[in-house]
1. Full-extension gain between residue 108 and residue 182, please, as 0.36 nm times their residue separation minus the C-alpha to C-alpha distance.
2. Let's test the formula: R0 of 35 Å, r as the Cβ-Cβ distance of residue 82 and residue 50. What FRET efficiency results, to the nearest 0.05?
3. How far, in nm, would the chain grow between residue 116 and residue 66 when pulled straight, counting 0.36 nm per residue and subtracting the alpha carbon separation?
4. When a footprinting reagent is the concern and you count Cβ atoms within 10 Å, what order do 115, 63, 139 take, fewest first?
């Protein structure tokens, strides 16, 4: 093999290796980049209270039907519900373009962590936006006393399972209702439409 040909092959191999490393780095950066999270206001509190059973905590998760990270987010929600041992209710808001208009009563039921979780269609993303949820996988939790206690995501990065500090924080809120502080965690997933009604975009991350 001539030295010229060898140099060309080495150059091509260098380009290939650089592209591979760059692509992997970009993928890792994307996986670890958090989505937008709003701040729930008084309207969100009223909506959650209207869907919460008296004396029971309620967790609501907004998901994008086509987001590849949704399965991981739902799995983490199921783990949390299983760990809460029936002490917490849950509700899903599903953004699905082209779906029937959202109603005030749940449609289908999903079973997550042994808990039956009603599903509300949210075809425009309006309900999620009202809760300050701008990213698929966003969770908002109201405690048994009607206080918003947690807002954020349950996965450590996009599409990856594994118990996160957020899940532990939510469980602590179920077992220690006297602590009224608000826990916030980053959320990883696809953006939801920003059809904002009650959310305050000026405080969104």
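1. Details: separation 74, 0.36 × 74 = 26.64 nm, distance 3.05 nm.
That works out to 23.6 nm of additional length.
2. Working: r = 26 Å, r/R0 = 0.76.
Calculated value: 0.85.
3. 15.8 nm
4. Details: 115 19, 63 29, 139 26.
Ascending number of Cβ neighbours within 10 Å: 115, 139, 63.
Read-outs: derived from the displayed coordinates by stated rules, not from any lab. Please read all numbers here as calculations on a predicted model, not as lab measurements. Neighbour counts run over all protein chains shown; Cβ positions are idealised from the backbone, glycine included.
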